[in-house]
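Chemist: Have a look at this one before I ask anything.
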Amino acid sequence: MDLKGKNAVVTGASRGIGLQIAVDLAKQGANVAIVDIGSEEAAKAAVETVSSYGVKAVSYRCDVSSGASVKETVAAIKKDFATVELLVNNAGITRDNLMNFMKEEDFEAVINVNLKGVFNMTKAVSALMIRQKFGRIVNISSVSGMMGNAGQVNYAASKAGVIGLTKSVARELASRGITCNAVAPGFIETAMTKDLSTENSPLIASIPLGRMGQVEDVAQAVVFLLSTDYITGEVLRVDGGIAM
């Protein structure tokens, strides 16, 4: 499917993986609504970067864990873009700690953003897609949600939940011409993980391809799933083979 002229919503899109997804969509000719709760400066820079590819880009400050905030944001997006064909739920946080030392509020915060946030945004945007009987949704999960990871019971639980949500949404919305898939990244080189990628690192040694992934690797997988018409309910690992 040609993405040129399509309107996309990407959450957590002012930096890292989300920004690269927005850029790759812009390269395909898609307009992008950049949804984030980060700084205004980062959002402004993201809009400038995405719009430099000749597409429309608008930023929206939104707390995806809040249903009210999402509802207000999606209403604004509808006003600005009229339609939404593509949704990428990328926004996420970490609050890592061993389970016996993890605070209850840190567990809840991660679940609220990473899982409830996907529910809130999918519910609001899919309402627009249902009316037009067309839509493509991609949720960013994680291999942590497939294989677990010590020190991340909250994060792994949230990302496993995203997989279950993805498959359920795929079944619910298939008859409306809407597909829903997930991408499960492994260790991706970003500002948060750069210190993990060192020579002789046991982490790198555990990855069959012998290196961390790049944000471009994840973005390419997302664009692929947004472009397909006959794949739904699938989880595509982008992990260098670590979760084989």
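The values are calculated or read from the model by the stated rules, or taken from the named source; none is laboratory data. Just so it is clear, the model here is predicted, and its values are computed rather than measured. So basically every Cβ, Gly included, is an ideal-geometry build from the backbone, and we count neighbours across all protein chains shown.
Chemist: Any residue at all in the range 209-224 that is surrounded by 17 or more Cβ atoms within 10 Å (Cβ to Cβ) and among the aromatic types (Phe, Trp, Tyr)?
Modeler: no
Chemist: Quick check on Asn181: is it farther than 16 Å from Arg237 by Cβ, polar (S, T, N, Q) and touching a strand residue (DSSP E or B) at 6+ places or on another chain (Cβ under 9 Å)?
Modeler: no
Chemist: Scan the helices (runs of 4 or more DSSP H) fully inside the range 115-232 and keep the ones with 3 or more residues being in contact with a Gly (Cβ under 9 Å, 6 or more places away or on another chain) and hydrophobic (A, V, I, L, M, F, W, C).
Modeler: Qualifying helices (runs of 4 or more DSSP H): 117-132, 153-173.
Chemist: Right, here's the next one. Here are some conditions: (1) surrounded by fewer than 24 Cβ atoms within 10 Å (Cβ to Cβ); (2) closer than 30 Å to Gly151 by Cα; (3) modelled with pLDDT of 95 or more; (4) not hydroxyl-bearing (Ser, Thr, Tyr). Gly38 meets all but one. Which one does it not meet?
Modeler: Of the numbered conditions (1) surrounded by fewer than 24 Cβ atoms within 10 Å (Cβ to Cβ); (2) closer than 30 Å to Gly151 by Cα; (3) modelled with pLDDT of 95 or more; (4) not hydroxyl-bearing (Ser, Thr, Tyr), the odd one out for Gly38 is (3).
Chemist: Taking into account only those residues within the range 78-120 that are touching a helix residue (DSSP H, G or I) at 6+ places or on another chain (Cβ under 8 Å) and farther than 18 Å from Lys159 by Cβ, which is surrounded by the fewest Cβ atoms within 10 Å (Cβ to Cβ)?
Modeler: Among them, the one singled out is Thr83.
Chemist: Right, next: Can you go through Ser144, Ser158 and tell me which one is closer than 24 Å to Leu19 by Cβ and more than 14 Å from the chain's Cα centre (by Cα)?
Modeler: The conditions single out Ser144.
Chemist: Does Ser126 qualify as being surrounded by 13 or more Cβ atoms within 10 Å (Cβ to Cβ) and touching a residue at least 60 places away in the same chain (Cβ under 8 Å)?
Modeler: Answer is no for this residue.
Chemist: How many of the residues in the range 22-65 are touching a Ser or Thr at 6+ places or on another chain (Cβ under 8 Å), among the aromatic types (Phe, Trp, Tyr) and closer than 20 Å to Gly5 by Cβ?
Modeler: Final tally of qualifying residues: 0.
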